[in-house]
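Some notes on the structure that comes next.
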Amino acid sequence: MTQLVCPVDQTNLVLSKTAGQASSNCPECHGVWLTLDTLETLEDKAANADMVKGQRQYGKHEVLHDCPHCGENMIRFRYRGYNLEIESCPTDAGFWLDKSEEREIRDVMKKRASNLARASSAEQSWNNARRGVKISLFQRIKHFLGIS
Ligand SMILES: [Zn+2]
Ligand SMILES: [Zn+2]
């Protein structure tokens, strides 16, 4: 594997882990390079397919950072329309997050995952409530028939 260098300060990146996934981190500015596979794995873990599908990149523009993967100028964009800008390889081989962005993207994923969890637990209690109505109606009928 070739040595990856930081797109911001050209320091050699070191292999590390981000949220349990392999990543390359800059010891100087603490930025993180995630491959497309890794980003998708993190998204899969954070939420369901609902979040993973749909456009990832909004407001794309080129920046004067050399991609650790191919050396081309990186593309800066808004991650999934959130107020969070990260950079990617022009061929989407990987993504660069600076120190605060690395934390923010996990917050965004967590928030999104907990919204989905809340939506599904709301649905769950609605289902339980409906089931409850059915049970009590059934019990009332049984009572009415004198079999409860
Ligand atoms: Zn750096
Ligand atoms: Zn590249």
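Can you tell me which residues in the range 9-47 are hydrophobic (A, V, I, L, M, F, W, C), away from ligand 2 (no atom under 15 Å from the Cβ) and not in a helix (DSSP H, G or I)?
Our first condition is that a residue be hydrophobic (A, V, I, L, M, F, W, C); within the range 9-47, this holds for 13-15, 19, 22, 26, 29, 32-34, 36, 39, 42, 46-47.
With the extra rule that they be away from ligand 2 (no atom under 15 Å from the Cβ), the set shrinks to 14-15, 19, 22, 26, 29, 32, 42, 46-47.
Passing the criteria: VAL14, LEU15, ALA19, ALA22, CYS26, CYS29, VAL32, ALA47.
When ASP92 is tested against (1) under 22 Å from VAL108 (Cα atoms); (2) of a type in the set (Asp, Glu); (3) within 12 Å of ligand 1 (Cβ to nearest atom), only condition (3) is not met.
Answer yes or no: is there a residue in the range 102-113 that is touching a Ser or Thr at 6+ places or on another chain (Cβ under 8 Å) and β-branched (Val, Ile, Thr). No.
Just one of the listed residues (HIS69, HIS143, HIS61) is modelled with pLDDT of 80 or more, outside any strand (DSSP E or B) and not small (Gly, Ala, Ser), namely HIS69. Filtering the range 1-27 to residues that are farther than 22 Å from ILE75 by Cβ and near ligand 1 (Cβ under 10 Å from one of its atoms) leaves ASN12, PRO27.
Applying a threshold of 6 Å to beta carbon distances and a minimum spacing of six or more residues, or different chains, the list of pairs starting in the range 80-109 at a residue that is modelled with pLDDT under 80 and ending at one that is aromatic (Phe, Trp, Tyr) and in a strand (DSSP E or B) reads GLY81/TYR58.
Name the single residue that is farthest from CYS67 (Cα to Cα) among those in the range 28-41 being of a type in the set (Val, Ile, Thr) and more than 10 Å from ligand 1 (Cβ to nearest atom).
Within the range 28-41, the subset of a type in the set (Val, Ile, Thr) is 32, 35, 38, 41.
From what is left, the residues that are more than 10 Å from ligand 1 (Cβ to nearest atom) are 35, 38, 41.
Details: THR35: 12, THR38: 17, THR41: 21 Å.
The qualifying residue farthest from CYS67 (Cα to Cα) is THR41.
The values are calculated or read from the model by the stated rules, or taken from the named source; none is laboratory data. All values reported here derive from a predicted model rather than from experimental measurement. Virtual Cβ from ideal backbone geometry, glycine too; neighbours counted across all protein chains shown.
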